[in-house]
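Below is one structure, written out as structure tokens, with a few remarks after it.
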Amino acid sequence: MTRWYRLVTNDNAVANPLVTDEGDLDGLEEWMFRQCKEIRSWSGNAWIGTSTPANDGDPDDNLQNHFALLVFSPRLKTALEDAGIGEVQYLPINVVRPGDRRVAGYSVANLLSSVAALDFEHSVFTRYPEDYFLRERRGQLEMLRNVTLRSSALRGHNIIRLHEFRSKVFVSERFAAVVNGRFTGLSFKEVALS
């Protein structure tokens, strides 16, 4: 049985990281990238950037950004593609530093696989109460504390969002082996499997 990990972003960072605080996603909202659907309306005009020199450090391979998106360097993108890690649509994004200086080659990693893999019996979570003020969230997962994934649902995948809780990203041992120790801005926390 292969191991699986929760992907931890903004971790294992360079000493003085570039952190974006402004941008435009080409008319899209950040929540749209959690839908695990191909984005066809991407013109390539999207940008993220830093407005102050205090945030203008060295860019990580997973760029720290205020949209909380996966934004991969060309090195990381190439390594994952060379390893045959699919299920990702790479959308080029302009990274702008103060003085209109550019960092070339970064892409938003739009994940395409949403898998119903949460083992509810062995995971610890909370749900929004039935009287929650936003009706559409009532009964939905509010928080995951300890995660157990069903290994049978993960076969054939290397990077997924949980169908039950799409804000979390999980990766296979194969994905982690490509990234671990070679790239910055990401780390991994092993999760239980059933």
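The values are calculated or read from the model by the stated rules, or taken from the named source; none is laboratory data. Fair warning: this is a prediction, and the values are worked out from it, not measured in the lab. Positions of Cβ are backbone-derived with ideal geometry, glycine not excepted, and every protein chain shown enters the neighbour counts. For the accessible areas, the whole protein counts, side chains as well, though only heavy atoms, and no ligand, DNA or RNA atoms are used. Shrake-Rupley method; radii C 1.70, N 1.55, O 1.52, S 1.80 Å.
Things to note:
- Straight-distance crosslink candidates among aspartates and glutamates, where the alpha carbon sits under 15 Å from residue 77 and sequence neighbours closer than 8 are dropped: 60, 61, 87
- Solvent-accessible ranking of 183, 133, largest area first, probe 1.4 Å: 133, 183
- When mean projected area of the Cα convex hull in nm² is calculated for this entry, the matching label among [x] 12.0; [y] 11.2; [z] 13.4 is [x].
- Choice from 52, 20, 126 with maximal GNM fluctuation in the chain (Cα, 10 Å cutoff): 126
- Under 5 Å from the amide H of residue 192 lie the amide H atoms of 147, 149, each residue being 5 or more positions distant or on a separate chain, with H modelled from the backbone and absent for Pro and chain starts.
- Computed over region 116-184: relative contact order in percent, which uses C-alpha pairs under 8 Å that are six or more apart: 29
- Contact order, relative form, for the chain: 30 percent (alpha carbon pairs under 8 Å, 6 or more residues apart, mean separation divided by residue count).
- With the whole protein complex present, residue 189 retains an accessible surface near 110 Å², based on a 1.4 Å probe.
- Calculated FRET value between residue 102 and residue 167, using beta carbons and R₀ = 30 Å, to 0.05: 0.50
- The lysines within cross-link reach of residue 168, meaning a Cα-to-Cα straight distance under 17 Å and a gap of 8 or more places when in the same chain, are 37, 189.
- Over the residues of the chain, the helix contribution to mean residue ellipticity at 222 nm works out to -2500 deg cm²/dmol, using -39500 (n - 2.57) for each DSSP H run of at least 4.
- Relative to the current alpha-carbon distance between residue 113 and residue 81, full extension at 0.36 nm per residue lengthens the span by 9.9 nm.
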